[in-house]
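Peer 1: Take this structure first; my questions come after.
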Amino acid sequence: TFLGKHYNASGHSKKAVDACERLVKVRPDDPDGHVLLGDAYTDEGRPEEAIACYQAALKLDPNSFEAHYGLGKAYSDLGRHDKAIESYEGAAKIKPDSAAVHVSLGLAFSNSGRYEEAMQAFKHAKDLDPEINEVQVLSGRAYMEAGLYDQAIECFKGAVFTDQTHARAYYNLGKAYLVVGDRDLALEQQRILETLD
C-alpha cells in the first residue's frame with residue numbers, strides 16, 4: 001500500500017502499477033487496493049483497466065467516494081461523459097462538500113454540451129471553496145460555448161482580478177473580446193500575456 005501510494009505520488013506510474021497489482025493479489029477484498037490500482041492505471045493512460053478496478057472497488061464498497069470519483073475520471077478520459085457524470089454524481093452524494101467533485105462534474109456537463117448544468121456545478125464549487133480561481137475560467141469557457149459572451153467575459157475578468165498571473169484567463173478573456181468585436185481590449189489582453197512568464 002505504501003509503495004503504491006508513494007509511486008503514484010512521485011509519478012512513477014509503472015512501479016505504482018506493479019506495487020498495486022501485488023497489493024490486489026495479497027488483499028483482493030480490500031476496496032482501497034482496487035482504487036489505488038485504478039489510480040495507477042489512470043496515471044499510466046490505461047482507463048479501461050482503471051474502470052474495471054474502480055468497479056471492483058464499488059462491488060466491495062458501494063460508498064467508496066474515491067472509487068466513484070476515479071471512475072468519473074476514467075470515463076472522462078475515454079470521452080464517455082454521460083457515464084462520467086453518473087459517477088461524479090455518485091461521488092457528490094457521498095461527499096457533497098467536495099469542491100473538486102463539483103468542478104469535475106461541471107467539466108463533464110460542459111463536455112457533453114449541458115452548459116447550464118455545467119455553470120451550476122461550477123458555481124456550487126466556487127460557493128464551497130471561494131479560493132478555487134480555476135472555476136471562474138471553466139465557467140467562462142462554458143458560457144463561451146453556450147454563446148453567452150458577456151457572462152464569459154465577467155468570469156474571465158473575475159479570474160484575472162483575483163490572480164493577475166493567470167495566463168489562461170487572460171487568453172480566454174482576449175478570445176471573448178474578439179468574439180464580441182472589441183479588438184482593442186483583445187489586444188490589451190495579448191499585451192498582458194506577453195509580459196507574463
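The values are calculated or read from the model by the stated rules, or taken from the named source; none is laboratory data. Not measured: the values here are computed from a predicted model. Glycine gets a Cβ as well: all are built from the backbone with ideal geometry, and neighbour counts include every protein chain shown. For the accessible areas, the whole protein counts, side chains as well, though only heavy atoms, and no ligand, DNA or RNA atoms are used. Shrake-Rupley method; radii C 1.70, N 1.55, O 1.52, S 1.80 Å.
Peer 1: Among the helices (runs of 4 or more DSSP H) contained in the stretch 1-108, which hold 3 or more residues that are within 17 Å of the chain's Cα centre (by Cα)? Lay out the reasoning, then the answer.
Peer 2: Details: elements: 2-9, 13-26, 31-43, 47-60, 65-77, 81-94.
The helices (runs of 4 or more DSSP H) meeting that bar are 31-43, 47-60, 65-77, 81-94.
Peer 1: Follow-up. How many residues, within the stretch 127-150, are assigned to a helix (DSSP H, G or I) and touching a residue at least 12 places away in the same chain (Cβ under 8 Å)?
Peer 2: Step one: of the stretch 127-150, the residues assigned to a helix (DSSP H, G or I) are 127-128, 134-145, 149-150.
Cutting the leftovers down to touching a residue at least 12 places away in the same chain (Cβ under 8 Å) gives us 128, 134-145, 149-150.
Within the stretch 127-150, residues that are assigned to a helix (DSSP H, G or I) and touching a residue at least 12 places away in the same chain (Cβ under 8 Å) number 15.
Peer 1: Could you please give the count of residues in the stretch 140-172 that are open to solvent by less than 20 Å² (accessible area, probe 1.4 Å) and touching a Cys at 6+ places or on another chain (Cβ under 9 Å)?
Peer 2: 4
Peer 1: Residues to consider are Ala57, Ala50; find the one that is touching a Pro at 6+ places or on another chain (Cβ under 9 Å), open to solvent by less than 80 Å² (accessible area, probe 1.4 Å) and free of Cβ contacts under 8 Å to residues at least 60 places away in the same chain. Step through it out loud before you land on a result.
Peer 2: Details: Ala50 fails: touching a Pro at 6+ places or on another chain (Cβ under 9 Å).
The conditions single out Ala57.
Peer 1: Run down Ala176, Ala152, Ala169, Ala146 and say which single residue is farther than 30 Å from Arg46 by Cα, touching a Gly at 6+ places or on another chain (Cβ under 6 Å) and not hydroxyl-bearing (Ser, Thr, Tyr). Write out each step before concluding.
Peer 2: Numbers: Ala176 fails: touching a Gly at 6+ places or on another chain (Cβ under 6 Å); Ala169 fails: touching a Gly at 6+ places or on another chain (Cβ under 6 Å); Ala146 fails: touching a Gly at 6+ places or on another chain (Cβ under 6 Å).
Step by step, each of Ala176, Ala152, Ala169, Ala146 is checked, and only Ala152 is farther than 30 Å from Arg46 by Cα, touching a Gly at 6+ places or on another chain (Cβ under 6 Å) and not hydroxyl-bearing (Ser, Thr, Tyr).
Peer 1: Scan the stretch 112-122 and give yes if some residue there is closer than 21 Å to Tyr41 by Cα, assigned to a helix (DSSP H, G or I) and acidic (Asp, Glu), otherwise no.
Peer 2: Taking the stretch 112-122 and keeping what is closer than 21 Å to Tyr41 by Cα, we get none.
The answer is no, given that none of the residues of the stretch 112-122 is closer than 21 Å to Tyr41 by Cα, assigned to a helix (DSSP H, G or I) and acidic (Asp, Glu).
Peer 1: Further question on the same structure: Look through Lys15, Lys25 and report the one residue that is free of Cβ contacts under 8 Å to residues at least 40 places away in the same chain, of a type in the set (Lys, Arg) and touching a helix residue (DSSP H, G or I) at 6+ places or on another chain (Cβ under 8 Å). Talk me through it step by step, then tell me what you get.
Peer 2: Values: Lys25 fails: touching a helix residue (DSSP H, G or I) at 6+ places or on another chain (Cβ under 8 Å).
Every option except Lys15 fails the conditions.
Peer 1: Continuing with this model, one more query. Do you know which of the residues in the stretch 61-88 that are charged (D, E, K, R), touching a Gly at 6+ places or on another chain (Cβ under 9 Å) and more than 23 Å from Val137 (Cβ to Cβ) is least open to solvent (accessible area, probe 1.4 Å)?
Peer 2: Filtering the stretch 61-88 for residues that are charged (D, E, K, R), touching a Gly at 6+ places or on another chain (Cβ under 9 Å) and more than 23 Å from Val137 (Cβ to Cβ), the one least open to solvent (accessible area, probe 1.4 Å) comes out as Lys83.
Peer 1: Continuing with this model, one more query. Among the residues of the stretch 20-43, are any of a type outside the set (Lys, Arg), within 30 Å of Cys155 (Cβ to Cβ) and either at pLDDT below 95 or open to solvent by 40 Å² or more (accessible area, probe 1.4 Å) (or both)? Steps first, please.
Peer 2: If we filter the stretch 20-43 for residues that are of a type outside the set (Lys, Arg), which is where we start, we get 20-21, 23-24, 26, 28-43.
Remaining after also requiring within 30 Å of Cys155 (Cβ to Cβ): 42.
Pick out the ones that are also either at pLDDT below 95 or open to solvent by 40 Å² or more (accessible area, probe 1.4 Å) (or both) and you get 42.
Among the residues of the stretch 20-43, at least one is of a type outside the set (Lys, Arg), within 30 Å of Cys155 (Cβ to Cβ) and either at pLDDT below 95 or open to solvent by 40 Å² or more (accessible area, probe 1.4 Å) (or both), which makes the answer yes.
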